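Structure first, commentary second.
The values are calculated or read from the model by the stated rules, or taken from the named source; none is laboratory data. These figures come from a predicted structure and were not determined experimentally. Positions of Cβ are generated from backbone atoms using ideal geometry, with glycine treated the same way; all protein chains shown enter the neighbour counts.
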């Protein structure tokens, strides 16, 4: 199931699809363990479907206003913007390499106790 298809479902359909996917995952794991599953990738696909459903549910919680799908008449910001010509940068002056100065080791002096 593609994300676009999941987003088109309403809340009841999402809940039903989630329950069905969880049952299917349980059955697939059982068949995988007993060696009856032909394609082990089905487990991965069902897990991803479950994750997509949870993602869409969370998106709806965070953004309760129904998002309208973009129509063909609306243009994205990137397509309507004009590309500015790049001007060459000024070259930087080369830095002269100086040898690193070594730090002198600090001598350890015993603490004076009084």
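Pull up the range 39-51, narrow it to residues that are free of Cβ contacts under 8 Å to residues at least 12 places away in the same chain and either within 26 Å of the chain's Cα centre (by Cα) or under 26 Å from residue 61 (Cα atoms) (or both), then point me to the one that is surrounded by the most Cβ atoms within 10 Å (Cβ to Cβ).
Initially, the range 39-51 is screened for residues free of Cβ contacts under 8 Å to residues at least 12 places away in the same chain, giving 39-41, 44-45, 48, 51.
Those still in the list that are either within 26 Å of the chain's Cα centre (by Cα) or under 26 Å from residue 61 (Cα atoms) (or both) too: 40-41, 44-45, 48, 51.
Details: 40: 10, 41: 9, 44: 11, 45: 15, 48: 13, 51: 11.
By that ranking, first place goes to 45.
Which one of these is closer than 30 Å to residue 1 by Cβ, modelled with pLDDT of 90 or more and assigned to a loop (DSSP other than H, G, I, E, B): 39, 27?
Values: 27 fails: assigned to a loop (DSSP other than H, G, I, E, B).
Residue meeting the stated conditions: 39.
Among residues of the range 52-73 being farther than 16 Å from residue 3 by Cβ and in a loop (DSSP other than H, G, I, E, B), the one that is modelled with the highest pLDDT is 64.
Figure legend. Inter-residue proximity from the range 22-38: first residues without any contact (Cβ under 8 Å) to a residue 60 or more places away in the chain, second residues exposed (fewer than 13 other Cβ atoms within 10 Å of the Cβ) and not in a helix (DSSP H, G or I), beta-carbon distance below 7 Å, spacing 6+ or different chains. Indicated pairs: 32/40.
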